[in-house]
Amino acid sequence: MSKLWGGRFTKQTNHLVDEYTASIGFDQKLAEEDIQGSLAHVTMLGKCGILPQEDVETIKDGLNKVLDKIRKGDIEFSVSDEDIHMNVEKNLIAEIGPVGGKLHTGRSRNDQVATDMHLYLRKRVVELSGMLYELQKALIGQARDNLDTIIPGYTHLQRAQPILFAHHLMAYVSMFQRDIERLMDSYKRINVLPLGAGALAGTTFPIDRHYVAEQLQFDRVYENSLDAVSDRDFILEFLSHASIIMMHLSRLSEELVLWSSTEFNFIELDDAFCTGSSIMPQKKNPDVPELVRGKTGRVYGNLMGLLTVLKSLPLAYNKDMQEDKEGMFDTVATLEGALQLFAPMIATMKVNKPRMREAVNKDFSNATDIADFLVGKGLPFRQAHEVIGKTVLYCIQNGKYLLDLTMDEFKQFSPLFDDAIYEVLQPETVVNARNVYGGTATDQVADAIKRSEVLLQMTEQWLEEHQ
C-alpha cells in the first residue's frame, strides 16, 4: 500500500529505511493522546466552517471506534505506516472511508506529535507528583513514630553529632517537596498548545487555536509557530527534574542499603521488598533500593541524550527529534517503577531503636557539646576545642567513652569541668540542645512534621485540581 505522503515519489521506500525511520514501535504509547488531540482538532474544523458538520461527526465517531479498538488490542500497528499518527489515520480511513482523510486539514505531523507529547507529559507529571506525595506521607509517618529515636548523624560517613532519626527522614521529605514543586512549576510550560503551528509556518485555513486549547484544557498556545514545532524544552525540563528525583531516591537507597546491613543493623526492610540468594540461604538482599540506585544512571543518560540530540538542530523540525520520545517514555517508566515501590517499602520498614541507641552511646558524637560547655564557662572556643581533642584521645587510648570518665579524669584536662557535664553529654540533652529552627531538637522536628503536613494538604489540593 502506498504512503499517505507518497504522491511525490516514484519508488517504494526501501524496507530497511521503513524499519530504521519508523517510530511506531515506541510512539504507539501516544495513541490515546493522538486521538484526544484529533478529536479537539476536528471539532474546531467544524466550528470554523472548514469542514461540514456531517463530516466532523463521522470523523469523531470513527476516531472513537479506533480508540476503542486500540484499547482492546484489536489493532495491529504497522511499521510501513511509520508512526502513531499515520497508523491512526489509516485505521480511521478503513473505518469510515475517504472522509477520514479530511482529518489532517490545517495541521502537520510536526505540530501533531508535539501536541501528543504535551498531553502525555502533562498527565504523567501529575501522576508522578502524586507518587512523590505518597512517599512523603510514608516518610512523615515513620518520622512521627520515631520522634524519640536517636541515631548518629554523619559527615564524611564518620559519626559527627547525634540527631533524631525523625530529623534524618524529614530531610528527605524536604528534598521530595522540592521535587514536587519543580514538577508543579514545569506543568505551566508543559500545558502550552502547539497544535495549529502546522509544519513550521502556520496554516492558510482560518483555524481557531485558542478554541482547541480550551477543549484540551491548555492554559495558552505557543506564540511562534517555529518554536511550537521545534521546542522540546518541556521534555528536557522534565528529564532534568526526573534526574534530580532519581538522585534523591538514590541517596536514600544508599542509606537503606547501609542501614540494613549487619554492620549498621539500624533498620530491617520488609520481606516483600527484598530477595534472597540462590546459593546462600541466610541472605536477605535489599534489591529494590539497589536497583533504584542503579537505574538512576539511565535517567541521567536520557537527559544527556536529548540535550545532545538538540544541541545543534536548526529550526524548525528535523527527523533527529524523533529521538525525543524513547528516553522520555523510559524515564517515566523508571520513575513510576521506583516510586510505586518506595512508599510501601518505607511505610513497612522496621526501625531497630535499641541498636541505634547503642550506636549513639558508643561514639564521641557528643564531643562538641563539651566544647560548648567549656565555652559557657568562659574558655575561648579554640582552647576548648583543643581540650576536648585531648580528652577524646585519652578515651581512645584507654578504651573509654566520654560518659565513662570520672570527674578526676575530666579535671586533668580542665578545672572548669563539674558534675553538670554528665547531663550535658546525655544523647537526649545533646539532641534537644539544638533547639533552633530547622534543628534536630524534638520540638523543632515535631514542628517540621506539622509544616510538612500542611504542604501535603496543598499538594493534595493541587493534585485534585489537575487530575
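Identify, from the list GLU255, GLU263, the residue that is touching a helix residue (DSSP H, G or I) at 6+ places or on another chain (Cβ under 9 Å), surrounded by fewer than 22 Cβ atoms within 10 Å (Cβ to Cβ), in the same structural domain as THR115 (by TED's automatic domain parsing) and more than 18 Å from TRP462 (Cβ to Cβ).
That would be GLU255, the only listed residue that is touching a helix residue (DSSP H, G or I) at 6+ places or on another chain (Cβ under 9 Å), surrounded by fewer than 22 Cβ atoms within 10 Å (Cβ to Cβ), in the same structural domain as THR115 (by TED's automatic domain parsing) and more than 18 Å from TRP462 (Cβ to Cβ).
Evaluate the following for ILE279: is it surrounded by 16 or more Cβ atoms within 10 Å (Cβ to Cβ) and on the phi < 0 side of the Ramachandran plot? Considered against the rule, which asks whether it is surrounded by 16 or more Cβ atoms within 10 Å (Cβ to Cβ) and on the phi < 0 side of the Ramachandran plot, ILE279 comes out as no. Suppose we filter THR440, THR391, THR368, THR459 for residues that are without any contact (Cβ under 8 Å) to a residue 60 or more places away in the chain and of a type in the set (Ser, Thr, Tyr); which single one remains? Of THR440, THR391, THR368, THR459, the one residue that is without any contact (Cβ under 8 Å) to a residue 60 or more places away in the chain and of a type in the set (Ser, Thr, Tyr) is THR391.
Just the residues that are over 16 Å from THR105 (Cα atoms) and surrounded by fewer than 16 Cβ atoms within 10 Å (Cβ to Cβ), please, taken from the stretch 190-210. Within the stretch 190-210, just HIS210 meets the criteria.
Checked against (1) out of contact with any Leu (no Cβ under 8 Å at 6 or more places or on another chain); (2) under 18 Å from LEU335 (Cα atoms), ALA171 passes all but condition (2).
If you filter the stretch 207-223 down to residues that are among the aliphatic types (A, V, I, L, M) and assigned to a loop (DSSP other than H, G, I, E, B), you find that the one that is nearest to MET117 (Cα to Cα) is LEU216. Within the stretch 232-252, the set of residues being acidic (Asp, Glu) and buried (at least 23 other Cβ atoms within 10 Å of the Cβ) is empty. The test for being touching a strand residue (DSSP E or B) at 6+ places or on another chain (Cβ under 8 Å), closer than 30 Å to VAL436 by Cα, modelled with pLDDT of 95 or more and not charged (D, E, K, R) does not hold for ILE180. Summed over the stretch 61-74, the residues that are assigned to a helix (DSSP H, G or I) and within 32 Å of the chain's Cα centre (by Cα) give a count of 5. Counting only helices (runs of 4 or more DSSP H) that sit completely within the stretch 75-190, those holding 3 or more residues that are under 24 Å from the mean Cα position of the chain (by Cα) and outside the structural domain of ASN64 (by TED's automatic domain parsing) correspond to 109-145, 165-190. Could you tell me whether the stretch 107-115 includes any residue that is closer than 30 Å to GLU460 by Cα and of a type in the set (A, V, I, L, M)? Yes, the stretch 107-115 has at least one match. Looking across the stretch 118-139, the residues that are buried (at least 23 other Cβ atoms within 10 Å of the Cβ) and under 25 Å from PHE264 (Cβ atoms) come down to LEU135, GLN136, LEU139.
Suppose we keep only residues that are of a type outside the set (Gly, Ala, Ser) and part of a loop (DSSP other than H, G, I, E, B) within the stretch 191-200. Which one would you say is farthest from TYR211 (Cα to Cα)?
Keep residues of the stretch 191-200 that are of a type outside the set (Gly, Ala, Ser), which gives 191-195, 200.
Narrowing further to those that are part of a loop (DSSP other than H, G, I, E, B): 191, 194-195, 200.
Details: ASN191: 15, PRO194: 13, LEU195: 11, LEU200: 20 Å.
Among them, the one singled out is LEU200.
I'd like to know if the stretch 42-52 contains one or more residues that are outside any loop (DSSP other than H, G, I, E, B), among the hydroxyl-bearing types (Ser, Thr, Tyr) and either touching a His at 6+ places or on another chain (Cβ under 6 Å) or at pLDDT 95 or above (or both). Scanning the stretch 42-52, I find at least one residue that is outside any loop (DSSP other than H, G, I, E, B), among the hydroxyl-bearing types (Ser, Thr, Tyr) and either touching a His at 6+ places or on another chain (Cβ under 6 Å) or at pLDDT 95 or above (or both), so the answer is yes.
Scanning the stretch 158-177 for residues being surrounded by fewer than 23 Cβ atoms within 10 Å (Cβ to Cβ) and either modelled with pLDDT under 95 or farther than 19 Å from MET247 by Cα (or both) gives a total of 4. Here the condition is being in contact with a strand residue (DSSP E or B) (Cβ under 7 Å, 6 or more places away or on another chain), of a type in the set (Gly, Ala, Ser) and modelled with pLDDT of 95 or more; of SER260, SER250, SER243, it holds for SER260 alone.
The values are calculated or read from the model by the stated rules, or taken from the named source; none is laboratory data. Remember, it's a predicted structure, so these values are computed and weren't measured experimentally. Cβ coordinates were reconstructed from backbone atoms using ideal geometry, including for glycine residues, and neighbour counts include every protein chain displayed.
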